[in-house]
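The values are calculated or read from the model by the stated rules, or taken from the named source; none is laboratory data. In this text the structure is predicted, and so the values were computed from the model without any measurement. Cβ placement follows ideal geometry from the backbone for every residue including glycine, while neighbour counts extend to all protein chains displayed.
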Amino acid sequence: MKKTCLWTALILAAGLLVLPAHAQDMAKKKDTVVKPAPSPSQAVLDSWNEIGRKLIAMAEDFPEDKYEFKPTPAQKSFSERLIHVAGVNYFFTNLAMGQKPPAEEDPKRDQFKTKADVVAFVKKSFADGAAAIKARGDKGMTEVVVDPDANQETRVGDLAYGLIEHAGEIYGQLAVYYRVAGMVPPESRPKK
(Lines give C-alpha, C1' and ligand atoms only; values in the text may rest on other atoms or scores of the structure.)
Protein backbone atom coordinates (compact mmCIF):
# COMPACT_ATOMS: atom_id res chain seq x y z
CA MET A 1 0.00 0.00 0.00
CA LYS A 2 2.85 2.38 0.86
CA LYS A 3 4.45 1.70 -2.57
CA THR A 4 1.20 2.43 -4.36
CA CYS A 5 0.80 5.72 -2.51
CA LEU A 6 4.44 6.59 -3.20
CA TRP A 7 4.07 5.87 -6.94
CA THR A 8 0.84 7.85 -7.08
CA ALA A 9 2.53 10.81 -5.37
CA LEU A 10 5.51 10.64 -7.75
CA ILE A 11 3.29 10.52 -10.85
CA LEU A 12 1.20 13.41 -9.54
CA ALA A 13 4.34 15.46 -8.79
CA ALA A 14 5.74 14.77 -12.26
CA GLY A 15 2.46 15.88 -13.79
CA LEU A 16 2.54 19.09 -11.80
CA LEU A 17 6.08 19.79 -13.02
CA VAL A 18 5.15 19.22 -16.68
CA LEU A 19 1.98 21.31 -16.56
CA PRO A 20 3.74 24.74 -16.32
CA ALA A 21 6.01 23.86 -19.27
CA HIS A 22 2.98 22.85 -21.34
CA ALA A 23 1.21 26.08 -20.39
CA GLN A 24 4.27 28.09 -21.51
CA ASP A 25 4.29 26.28 -24.88
CA MET A 26 0.60 27.05 -25.36
CA ALA A 27 1.17 30.72 -24.50
CA LYS A 28 3.96 30.93 -27.09
CA LYS A 29 1.67 29.45 -29.78
CA LYS A 30 -1.02 32.01 -28.98
CA ASP A 31 1.49 34.84 -29.47
CA THR A 32 2.63 33.48 -32.85
CA VAL A 33 1.11 35.09 -35.90
CA VAL A 34 -1.06 32.71 -37.93
CA LYS A 35 0.10 32.27 -41.51
CA PRO A 36 -2.45 33.40 -44.07
CA ALA A 37 -4.01 30.84 -46.41
CA PRO A 38 -2.33 30.59 -49.79
CA SER A 39 -4.05 32.23 -52.74
CA PRO A 40 -6.23 29.95 -54.88
CA SER A 41 -3.60 29.59 -57.61
CA GLN A 42 -0.81 29.06 -55.07
CA ALA A 43 -2.81 26.28 -53.39
CA VAL A 44 -3.30 24.55 -56.76
CA LEU A 45 0.37 25.08 -57.64
CA ASP A 46 1.56 23.66 -54.31
CA SER A 47 -0.52 20.50 -54.78
CA TRP A 48 0.54 20.15 -58.44
CA ASN A 49 4.22 20.51 -57.56
CA GLU A 50 4.03 18.14 -54.60
CA ILE A 51 2.62 15.19 -56.55
CA GLY A 52 4.98 16.05 -59.40
CA ARG A 53 7.92 15.93 -57.00
CA LYS A 54 6.90 12.48 -55.77
CA LEU A 55 6.43 11.03 -59.26
CA ILE A 56 9.67 12.55 -60.55
CA ALA A 57 11.51 11.04 -57.58
CA MET A 58 10.10 7.63 -58.49
CA ALA A 59 10.93 8.07 -62.18
CA GLU A 60 14.53 8.95 -61.31
CA ASP A 61 14.92 6.31 -58.61
CA PHE A 62 13.45 3.15 -60.19
CA PRO A 63 16.21 1.11 -61.86
CA GLU A 64 16.25 1.38 -65.64
CA ASP A 65 16.56 -2.40 -65.99
CA LYS A 66 13.16 -2.67 -64.20
CA TYR A 67 11.38 0.05 -66.17
CA GLU A 68 9.37 -2.59 -68.05
CA PHE A 69 8.36 -4.32 -64.80
CA LYS A 70 4.67 -5.28 -64.45
CA PRO A 71 3.21 -6.68 -61.21
CA THR A 72 0.92 -8.83 -63.38
CA PRO A 73 0.90 -9.43 -67.14
CA ALA A 74 -2.41 -7.55 -67.53
CA GLN A 75 -1.00 -4.32 -66.10
CA LYS A 76 1.00 -1.62 -67.83
CA SER A 77 4.71 -1.44 -67.11
CA PHE A 78 6.28 1.03 -64.69
CA SER A 79 7.45 3.18 -67.61
CA GLU A 80 4.03 3.06 -69.29
CA ARG A 81 2.35 4.32 -66.08
CA LEU A 82 4.79 7.25 -65.96
CA ILE A 83 4.27 8.04 -69.64
CA HIS A 84 0.51 7.86 -69.07
CA VAL A 85 0.50 10.32 -66.16
CA ALA A 86 2.76 12.74 -68.03
CA GLY A 87 0.62 12.54 -71.15
CA VAL A 88 -2.63 13.04 -69.24
CA ASN A 89 -1.20 16.15 -67.53
CA TYR A 90 -1.55 17.88 -70.90
CA PHE A 91 -5.33 17.46 -70.72
CA PHE A 92 -5.05 20.13 -68.03
CA THR A 93 -2.14 22.17 -69.37
CA ASN A 94 -3.43 22.48 -72.93
CA LEU A 95 -6.96 23.42 -71.88
CA ALA A 96 -5.67 25.88 -69.28
CA MET A 97 -3.59 27.57 -71.96
CA GLY A 98 -6.46 27.71 -74.48
CA GLN A 99 -5.15 24.90 -76.67
CA LYS A 100 -6.74 21.68 -77.85
CA PRO A 101 -6.25 18.65 -75.61
CA PRO A 102 -3.85 15.94 -76.80
CA ALA A 103 -5.13 13.61 -79.50
CA GLU A 104 -4.44 10.54 -77.39
CA GLU A 105 -4.29 9.79 -73.69
CA ASP A 106 -1.22 7.56 -73.78
CA PRO A 107 1.80 8.47 -75.88
CA LYS A 108 3.46 5.36 -77.28
CA ARG A 109 6.30 3.79 -75.30
CA ASP A 110 8.54 3.66 -78.37
CA GLN A 111 8.62 7.49 -78.36
CA PHE A 112 10.69 7.24 -75.18
CA LYS A 113 13.67 4.99 -75.79
CA THR A 114 15.43 5.32 -72.43
CA LYS A 115 14.73 5.97 -68.77
CA ALA A 116 16.19 9.46 -69.28
CA ASP A 117 13.59 10.12 -72.00
CA VAL A 118 10.75 9.07 -69.69
CA VAL A 119 12.11 11.10 -66.77
CA ALA A 120 12.45 14.16 -69.01
CA PHE A 121 8.83 13.78 -70.22
CA VAL A 122 7.50 13.47 -66.67
CA LYS A 123 9.51 16.52 -65.54
CA LYS A 124 8.40 18.57 -68.54
CA SER A 125 4.72 17.70 -68.08
CA PHE A 126 4.74 18.89 -64.47
CA ALA A 127 6.83 21.98 -65.29
CA ASP A 128 4.44 22.90 -68.12
CA GLY A 129 1.45 22.43 -65.82
CA ALA A 130 3.06 24.59 -63.13
CA ALA A 131 3.77 27.29 -65.73
CA ALA A 132 0.12 27.19 -66.84
CA ILE A 133 -1.10 27.58 -63.25
CA LYS A 134 1.24 30.53 -62.69
CA ALA A 135 0.21 32.13 -66.00
CA ARG A 136 -3.50 31.83 -65.17
CA GLY A 137 -3.13 33.21 -61.64
CA ASP A 138 -5.92 33.47 -59.11
CA LYS A 139 -8.51 34.86 -61.52
CA GLY A 140 -7.68 32.20 -64.08
CA MET A 141 -8.43 29.39 -61.62
CA THR A 142 -12.12 30.42 -61.61
CA GLU A 143 -12.45 30.79 -65.39
CA VAL A 144 -14.41 28.12 -67.21
CA VAL A 145 -13.19 25.73 -69.90
CA VAL A 146 -14.95 22.79 -71.53
CA ASP A 147 -13.76 19.37 -70.41
CA PRO A 148 -13.98 17.38 -73.66
CA ASP A 149 -14.17 14.01 -71.86
CA ALA A 150 -17.23 15.00 -69.86
CA ASN A 151 -18.52 17.50 -72.47
CA GLN A 152 -19.07 19.84 -69.55
CA GLU A 153 -17.89 23.23 -68.43
CA THR A 154 -15.48 23.19 -65.50
CA ARG A 155 -13.34 25.71 -63.69
CA VAL A 156 -9.63 25.64 -64.49
CA GLY A 157 -8.80 25.08 -60.80
CA ASP A 158 -11.21 22.16 -60.58
CA LEU A 159 -9.72 20.63 -63.73
CA ALA A 160 -6.26 20.98 -62.17
CA TYR A 161 -7.38 19.27 -58.97
CA GLY A 162 -8.87 16.43 -61.02
CA LEU A 163 -5.51 15.85 -62.70
CA ILE A 164 -3.70 16.17 -59.36
CA GLU A 165 -5.97 13.43 -58.00
CA HIS A 166 -5.26 11.29 -61.07
CA ALA A 167 -1.52 11.74 -60.57
CA GLY A 168 -1.97 10.73 -56.93
CA GLU A 169 -3.71 7.53 -58.04
CA ILE A 170 -0.80 6.73 -60.36
CA TYR A 171 1.60 7.45 -57.51
CA GLY A 172 -0.24 4.91 -55.36
CA GLN A 173 -0.10 2.32 -58.14
CA LEU A 174 3.62 2.86 -58.61
CA ALA A 175 4.20 2.50 -54.86
CA VAL A 176 2.72 -1.00 -55.23
CA TYR A 177 5.03 -1.67 -58.20
CA TYR A 178 7.95 -0.81 -55.92
CA ARG A 179 6.77 -3.16 -53.18
CA VAL A 180 6.02 -6.06 -55.52
CA ALA A 181 9.50 -5.59 -57.03
CA GLY A 182 10.96 -5.88 -53.51
CA MET A 183 11.84 -2.19 -53.22
CA VAL A 184 10.83 0.71 -50.98
CA PRO A 185 9.41 3.87 -52.63
CA PRO A 186 11.43 7.06 -52.03
CA GLU A 187 8.70 8.68 -49.89
CA SER A 188 8.55 5.62 -47.59
CA ARG A 189 12.26 5.53 -46.83
CA PRO A 190 13.53 6.92 -43.53
CA LYS A 191 14.45 10.59 -43.78
CA LYS A 192 18.10 11.45 -43.27
Test result for Lys115, closer than 24 Å to Arg53 by Cβ and touching a helix residue (DSSP H, G or I) at 6+ places or on another chain (Cβ under 6 Å): yes
Considering residues of the stretch 48-85 that are hydroxyl-bearing (Ser, Thr, Tyr) and in contact with a helix residue (DSSP H, G or I) (Cβ under 7 Å, 6 or more places away or on another chain) only, the residue surrounded by the fewest Cβ atoms within 10 Å (Cβ to Cβ): Tyr67
Failed criterion for Ala37 (all others in (1) assigned to a helix (DSSP H, G or I); (2) modelled with pLDDT of 90 or more; (3) not acidic (Asp, Glu) hold): (1)
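This table checks each residue for (1) out of contact with any Lys or Arg (no Cβ under 9 Å at 6 or more places or on another chain); (2) modelled with pLDDT of 95 or more; (3) among the charged types (D, E, K, R); (4) on the phi > 0 side of the Ramachandran plot.
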{"site": "Ala59", "(1), (2), (3), (4)": "no, yes, no, no"}
{"site": "Ala74", "(1), (2), (3), (4)": "yes, yes, no, no"}
{"site": "Arg81", "(1), (2), (3), (4)": "yes, yes, yes, no"}
{"site": "Val88", "(1), (2), (3), (4)": "yes, yes, no, no"}
Number of positions in the stretch 174-190 that are surrounded by fewer than 16 Cβ atoms within 10 Å (Cβ to Cβ) and in a helix (DSSP H, G or I): 5
Per-region count, the stretch 147-161, residues surrounded by 13 or more Cβ atoms within 10 Å (Cβ to Cβ) and over 12 Å from the mean Cα position of the chain (by Cα): 8
